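In what follows, a structure is listed as structure tokens, so that the remarks can point back to it.
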Amino acid sequence: MAFPQTRLRRLRRTAGLRDLVRETELSAARLVLPLFVSSSAQASEPIPSMPGVERLPIGAAVGQAREAAALGLGGVLLFGIPEDKDDEGSGAWDEEGVVQLATRAIKEAEPALPVITDVCLCEYTSHGHCGVLAADGSVDNDASLELLARTATSQARAGADVVAPSDMMDGRVGTIRAELDAEGLSHVPIVAYSAKFASAFYGPFRDAADSAPAFGDRRGYQMDPPNLHEALREVALDVDEGADVVMVKPALPYLDVIARVKQRFELPLAAYHVSGEYAMLKTAARAGVLDERAAALEALTAIRRAGADIIITYYAKDAARWLQS
Ligand code: PBG
């Protein structure tokens, strides 16, 4: 039956009818709030390129975690900004490192709130790359694996509920899984940043985490943005290596990748609505050219509609509040 018998506007006529037939739900429980925890910050420090986001001393990070729990968010994702950096990034697996300390403090204050920790070396290395360097200056894949596994294990020992490797070294999921299992941490799941693209949208994050590479770029290990089939191969490999959740990152410019991963694989899928996506919305809203609330909720809903079960977003707290009101 076609028009005039069929009229799709019938189910759009009132807010109640629209609510009744809505296909995609956005809820606080699906949103994860990233936190930048700094070992040198005395007080919360605003990040100019990300209005509303701050570098936090541990006490303030605990405060944010309490707010996240009160708003019903799905969890927090911790990034560490250490005081000292070195060639290997040894601060990443320091038992008294900033993420380890913050994890213990948050788990003590909010035991039920899932704490996810970022497993990567870029915030801890003096050169800013995500692994250790070979003699020729390239990132040495296999030499980095053991350091990443050590990092994940120390975070899990500190109480992290989930570890999330974002380095894009080949084989890291399997190496981390084996190390966690060997250390009696077989209950700790891995969220793999499986399809992480070498994106211009990470710019503000690198200001926030002080993790821009000192030379070169990340195109030798993060994915080439035009590649969809390669993203599916990355996901398949991570699934084989034992990933519990896979991720596509960034989110909005890669909705097609999210949709394809969701169709092909049965495990939970996360998408990272990254710093540049957040900064674009904030900047446009501040310039008065977008309605921030409507635009941010529309963006997050689109990411869910594409197939993401979990969204990591700097808008998590705002979105939770907007969804309540
Ligand atoms: C690397 C990491 C990055 C982000 C998350 N983990 C930056 C990068 O790869 O350069 C970016 C997140 C964002 O832009 O919000 N540890």
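The values are calculated or read from the model by the stated rules, or taken from the named source; none is laboratory data. These numbers come from a predicted model, not from an experiment. Note: ideal-geometry Cβ built from the backbone for every residue, glycine included; neighbour counts use all protein chains shown. For the accessible areas, the whole protein counts, side chains as well, though only heavy atoms, and no ligand, DNA or RNA atoms are used. Shrake-Rupley method; radii C 1.70, N 1.55, O 1.52, S 1.80 Å.
I want to verify a result. In a Gaussian network model of the chain, Cα cutoff 10 Å, which of these has the top mean-square fluctuation: Gln263, Gln64, Gln222?
Highest fluctuation among the options: Gln263.
Enter the accessible area of Glu88 (Å², nearest 10), with the probe set to 1.4 Å and all protein chains included.
About 90 Å², rounded to the nearest 10.
Can you pull the percent of the stretch 252-318's accessible area that's carbon plus sulfur, 1.4 Å probe, other chains left in place?
Values: 1480 of 2820 Å².
Here it works out to 53 percent.
Distance between the C-alpha centers of the stretch 170-195 and the stretch 33-48? Whole Å please.
Value for the Cα centre distance between the two parts: 28 Å.
Taking only Cα atoms and a 10 Å spring cutoff, compute GNM fluctuations for the chain and point out the largest among Thr14, Thr24, Thr153.
Thr14
State the dimensionless ratio Rg/Rh of the chain (Rg: radius of gyration of Cα atoms; Rh: Kirkwood radius). Don't jump to the answer; show the numbers that get you there.
Working: Rg = 20.0 Å, Rh = 20.2 Å.
Radius of gyration relative to Kirkwood radius: 0.99.
As I understand it, the dipole of the chain uses +1 on the Cβ of Lys and Arg and -1 on the Cβ of Asp and Glu, about the Cα centre. Which of Thr301, Pro111, Tyr254 lies farthest toward its positive end?
Toward the positive end, the furthest listed residue is Thr301.
Quick one: dipole size for the chain, taken about the Cα centre, charges +1 on Lys/Arg Cβ and -1 on Asp/Glu Cβ, in debye to the nearest 20. Don't skip to the answer; put the middle values down first.
Numbers: 33 positive and 46 negative charges, 495 e Å.
So the magnitude is around 2380 debye.
Could you pull the accessible area for Arg7 with a 1.4 Å probe, rounded to 10 Å²?
120 Å²
With no solvent and one point per C-alpha, what does the Debye sum give as log10 I(q)/I(0) for the stretch 160-302 at q = 0.09, 0.13 Å⁻¹?
Reported log10 I(q)/I(0), two decimals: -0.31, -0.64.
Excluding Leu71 itself, calculate the net charge of residues whose Cβ lies under 11 Å from the Cβ of Leu71, where each Lys or Arg counts +1 and each Asp or Glu counts -1. Don't skip to the end; give the middle numbers.
Working: positive: Arg66, Lys317, Arg321; negative: Glu67, Asp318.
Summing Lys and Arg as +1 and Asp and Glu as -1 gives +1.
Helix-only estimate, please: 222 nm mean residue ellipticity of the chain, summing -39500 (n - 2.57) across DSSP H runs of length 4 or more and dividing by its residues, to the nearest 500. Spell out each step's value before the answer.
Details: 11 runs with 127 residues, N = 325.
The per-residue figure over the chain is -12000 deg cm²/dmol.
Relative contact order of the chain: what whole-number percent is it, with Cα pairs under 8 angstrom and at least 6 residues apart?
Numbers: 646 pairs, mean separation 57.0, N = 325.
Across the chain, relative contact order equals 18 percent.
Cα to Cα, under 25 Å, and not fewer than 8 places away if on the same chain: which lysines meet these conditions relative to Lys317?
Lys317 reaches Lys107, Lys196, Lys249, Lys282.
Taking springs between alpha-carbon atoms closer than 10 angstrom, which of Asp240, Asp224, Asp309 fluctuates most in the Gaussian network model of the chain?
Maximum among the listed residues: Asp240.
Per residue, what accessible area does the stretch 25-324 have, given a 1.4 Å probe and all protein chains present, in Å²?
Details: 11620 Å² over 300 residues.
On a per-residue basis, 39 Å².
Only Cα pairs under 8 Å and at least 6 apart count here; give the relative contact order of the stretch 194-325 as a rounded whole percent. Write down the numbers at each step before the final one.
Numbers: 167 pairs, mean separation 34.7, N = 132.
In percent, rounded to a whole number, it is 26.
Using only the alpha-carbon atoms, how far is helix 141-158 inclined from the longest principal axis of the chain? Give it as 0 to 90 degrees, nearest 10.
80 degrees
Mind putting a number on the dipole of the stretch 97-237 about its Cα centre? Charges go on the C-beta only, +1 for Lys and Arg and -1 for Asp and Glu, and I need it in Debye to the nearest 20. Spell out each step's value before the answer.
Details: 11 positive and 20 negative charges, 40 e Å.
Charge dipole, the stretch 97-237, about its Cα centre: 200 debye, nearest 20.
Please list, in order along the stretch 54-60, the HN-Hα scalar couplings obtained from phi with the Karplus expression 6.51 cos²θ - 1.76 cosθ + 1.60 (θ = phi - 60°), rounded to whole Hz, x for Gly and Pro.
9, 7, 10, x, 4, x, 5
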